[in-house]
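Everything on this sheet refers to the single structure shown next.
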Amino acid sequence: MAKVVYILNGPNLNLLGKRQPEIYGSKTLDDVCRLCEIMGSEVGVEIVFRQSNAEHELIDWIHEAREKADGIIINPAAYSHTSIAILDALNTFDAPVVEVHISNIHKREDFRHHSYVSGRADAVLAGCGVDGYLLAVRHLADLLRSKA
Ligand code: DHK
């Protein structure tokens, strides 16, 4: 049976493609979802792709992933820098976690330099644009294969 990877996206990422394209690029979140599904089928993982502007919904999906997923890719967006609750939820998840930021958060404002989620993530991708998601899918598939 194919391994299942949850890709969770935090606040404002629903506006991808329209929001600050000079920072986040011109692809929409639907485009990213489709590209992740194509990459998933190439590397043999099933993708469940979601976005929410609500912290509690992201937490509920991480709890759901405990039962249903073999790995999580998460772009927590602004919650990266604020949410101990998302970090705590990820700490209950007993499988690989990859954190993605479209922009290079270390090149931006000081308040973006720290991510709570990085304390749990097995890998962090920042500054690769939306290609970071595809690299994350490939890396997670490799991790899951090496664990099997
Ligand atoms: C996305 C956001 O919405 C910001 O709040 C983060 C992240 C960076 C990104 O680069 O994908 O600071």
If you go through Gly44, Gly25, Gly40, the only one that is modelled with pLDDT of 95 or more, within 16 Å of the ligand (Cβ to nearest atom) and of a type in the set (Gly, Ala, Ser) is Gly25
Could you check segment 1-77 for helices (runs of 4 or more DSSP H) lying wholly inside it with 2 or more residues that are crowded, with 18+ Cβ neighbours inside 10 Å? 29-43, 55-68
Take Val100 and tell me if it is under 22 Å from His63 (Cβ atoms) and in contact with a strand residue (DSSP E or B) (Cβ under 7 Å, 6 or more places away or on another chain). yes
So, of the residues in segment 94-133 that are crowded, with 18+ Cβ neighbours inside 10 Å and among the aromatic types (Phe, Trp, Tyr), which turns out to be nearest to the ligand (Cβ to nearest atom)? Tyr133
Of (1) closer than 27 Å to Glu42 by Cα; (2) without any contact (Cβ under 8 Å) to a residue 40 or more places away in the chain; (3) touching an Asp or Glu at 6+ places or on another chain (Cβ under 8 Å); (4) within 16 Å of the ligand (Cβ to nearest atom), Arg66 satisfies all except one. Which? (4)
Candidates Asp142, Asp88, filtered to the one that is part of a helix (DSSP H, G or I), farther than 22 Å from Leu35 by Cβ and more than 16 Å from the ligand (Cβ to nearest atom): Asp88
In the set Val100, Val117, Val124, which member is under 25 Å from Gly17 (Cβ atoms), in a strand (DSSP E or B), at pLDDT 95 or above and touching a Ser or Thr at 6+ places or on another chain (Cβ under 6 Å)? Val124
Tell me yes or no: at least one residue of segment 51-59 is more than 16 Å from the ligand (Cβ to nearest atom) and within 22 Å of Ala148 (Cβ to Cβ). no
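The values are calculated or read from the model by the stated rules, or taken from the named source; none is laboratory data. On a predicted model such as this, the values are computed, not experimentally measured, just so you know. Every residue, glycine among them, receives a Cβ derived from its backbone with ideal geometry; neighbour counts consider all protein chains shown.
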